[in-house]
Amino acid sequence: MLLLLALLSTQTLQDGERGPRGPNYPSWYRPYTNQAGMRVGVLDEEDADNATWYLGFQLRQWFTPAIAGEFSVDWHQSDFEDDGIKVNQFPIQLSAMLFPFPRMRLRPYGLIGVGWYVSQINIRSGNTAIVTDETETTFGFHAGGGLEFHINPQYSLSLDLRYIAVDEGVFDDSGLAGQDLDYWQAAVGINFKF
């Protein structure tokens, strides 16, 4: 499998070679296209009881063949204090992306960005009774990288790893006071080009 990916990643056009989309563009490459897609992954908040999965949507816009922007909305649920605190979080992120090798079929990228994190916090007493139910919004930064593989002119796959640093001060008066909410997240996604 790794050998196959390595071979596919070297598929680029030589200078002056003509692809179906014009000179210097391979048939699977569509410059300056939008992409919309879904992603699923896993994340591990520092003080959460366990790692958890998440689901999200991403929208990408290319400004040049090497620079893109991404808007994403995700959802995940984390447990703290031995399931005593349940947090439903909706990260809304804006990212700047750099693709240093834009004509490769398997393209690495780096990213950096900001996010707003809407958290619904449920503090439970025992297994069923909810003692408090509150919503907090905080700001954060993220950085990471990944790989994008162009399947054909309409679809691409992405593999993404990010570190998210959340401003935890807003949670000082909530049940999450003192919890470390920074986390790593890894995702795989499929994108439709339009």
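The values are calculated or read from the model by the stated rules, or taken from the named source; none is laboratory data. As the structure is a prediction and not an experimental result, all values here were calculated from the model. When we count neighbours, we look across all protein chains shown, and the Cβ atoms used for this are built from the backbone with ideal geometry, even at glycine.
Some values worked out for this structure:
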| read-out | value |
| --- | --- |
| Region 44-66 residues that are surrounded by fewer than 16 Cβ atoms within 10 Å (Cβ to Cβ) and acidic (Asp, Glu), paired with ones that are modelled with pLDDT of 90 or more and part of a strand (DSSP E or B) (beta carbon under 6 Å, 6 or more apart) | Asp44/Trp184 |
| Filter result (in contact (Cβ under 8 Å) with a residue 40 or more places away in the chain and farther than 17 Å from Pro100 by Cβ) within region 142-155 | His142, Ile151, Asn152, Pro153 |
| Evaluation of Asp83 against (1) surrounded by 14 or more Cβ atoms within 10 Å (Cβ to Cβ); (2) over 21 Å from Trp184 (Cβ atoms); (3) at pLDDT below 80; (4) in contact with an Asp or Glu (Cβ under 7 Å, 6 or more places away or on another chain) (one fails), failing number | (1) |
| Complete set of residues in region 79-111 that are basic (Lys, Arg) and assigned to a strand (DSSP E or B) | Lys86, Arg107 |
| Single condition Ala51 does not satisfy, out of (1) under 17 Å from Asp160 (Cβ atoms); (2) among the small types (Gly, Ala, Ser); (3) modelled with pLDDT of 90 or more | (3) |
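A quick yes/no check of all residues on (1) within 25 Å of Asp47 (Cα to Cα); (2) surrounded by 14 or more Cβ atoms within 10 Å (Cβ to Cβ); (3) modelled with pLDDT under 90:
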position	(1), (2), (3)
Met97	no, yes, no
Gly113	yes, yes, no
Asn127	yes, no, yes
Glu134	yes, yes, yes
Phe139	yes, no, no
Leu147	no, yes, no
Leu157	no, yes, no
Asp160	yes, yes, no
Ile164	yes, yes, no
